[in-house]
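First the structure, in the form of structure tokens, and then the observations on it.
Every read-out reported here was derived from the displayed coordinates using simple, explicitly stated rules and does not represent laboratory data. Since we're looking at a predicted model, the values are computed, not measured. Because the Cβ atoms are built from the backbone with ideal geometry, glycine has one as well, and the counts that use them run over all protein chains shown.
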Amino acid sequence: MSASLIQLVDIPQRGDARGQLSVAELGGVLPFAVRRAYWIHGTKPGVSRGFHAHRQLRQLCVCVAGSVRISLFDGAREESVMLATATQGLLIGPGLWREMHDFSPDCVLMVFADAEYAESDYIRDREQFIKHAQA
Ligand code: T46
């Protein structure tokens with residue numbers, strides 16, 4: 001059986017009596033050096049996002065507040081996962097079509113990426129992605 005598309009990682013916890021502190025660092029939960037971070041928040045009700053793949057980019061997604069469902073598609077199989085905790089991350093490698101659905105109103109989705117923004121790294125057409133995945 002092939003490996004799951006969903007790679008969840010537990011984020012080390014360094015909380016104490018004062019509250020929680022979660023750490024993502026290179027050599028720990030991060031398998032790459034971060035060159036960019038961005039976060040998606042204030043998503044309007046009923047809105048879905050994503051609908052693209054990346055050619056090279058690697059990412060770690062952490063839902064630091066609220067919840068969101070992320071689906072991944074490799075051109076043949078589709079799997080989805082609900083992110084609803086700040087103590088787990090979803091690693092997304094290159095060559096996976098992603099969609100984000102069911103954002104809670106308070107959702108804050110942090111994304112750590114291994115490269116700066118480049119529109120040329122995106123495949124935004126699903127049919128083109130399927131051809132790319134099968135090549
Ligand atoms: C991803 C999912 C999880 C920039 O100018 N710089 C940036 O670093 C990013 C991420 C986006 N943009 C621009 C590109 C678009 O004009 O911001 C606009 C919105 O981006 P997009 O429609 O691609 O957003 P999402 O939520 O569909 O996808 C984002 C990331 O783009 C993508 O890398 O994997 O979150």
Selection from A76, V108, I130, by position along the positive dipole direction of the chain (Cβ)
V108
Would you please give the FRET efficiency between H41 and A115, computed as 1/(1 + (r/R0)^6) with r the Cβ-Cβ distance and R0 = 25 Å, to the nearest 0.05?
0.70
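Which FRET efficiency value, to the nearest 0.05, is calculated for L21 and M82 with the Förster distance at 30 angstrom and r the Cβ-Cβ distance? List each step's numbers first, then the result.
Details: r = 24 Å, r/R0 = 0.79.
Taking R0 as 30 Å, the efficiency between L21 and M82 is 0.80.
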Hey, got the dipole for the range 31-134? About the Cα centre, +1 on K and R Cβ, -1 on D and E Cβ, debye to the nearest 20?
80
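Cβ neighbours within 10 Å, averaged per peptide: list 6-12, 67-73, 101-107, 116-122 in order, most packed at the top.
On the way: 6-12: 14.1, 67-73: 19.3, 101-107: 15.7, 116-122: 10.4.
Answer by packing, highest mean first, reads 67-73, 101-107, 6-12, 116-122.
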Distant-in-sequence amide H partners of D114 (H built 1.01 Å from N, under 5 Å)
R35, R58
Cut-off 15 Å, label 7 Å out along Cα→Cβ of R69, residues of the range 95-121 by amide N
99-105
Calculated from backbone phi, Karplus (6.51, -1.76, 1.60) coupling profile of the range 98-108 in Hz, x at Gly/Pro:
10, 9, 10, 10, 6, 5, 6, x, 9, 5, 10
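Would you work out the charge dipole size for the range 1-53 about its Cα centre, treating the Cβ of every Lys and Arg as +1 and the Cβ of every Asp and Glu as -1, and quote it to the nearest 20 debye? Show your work: numbers first, answer last.
On the way: 6 positive and 3 negative charges, 59 e Å.
So the magnitude is around 280 debye.
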Need one number: convex hull volume per residue for the range 29-128, Cα atoms only, in Å³.
97
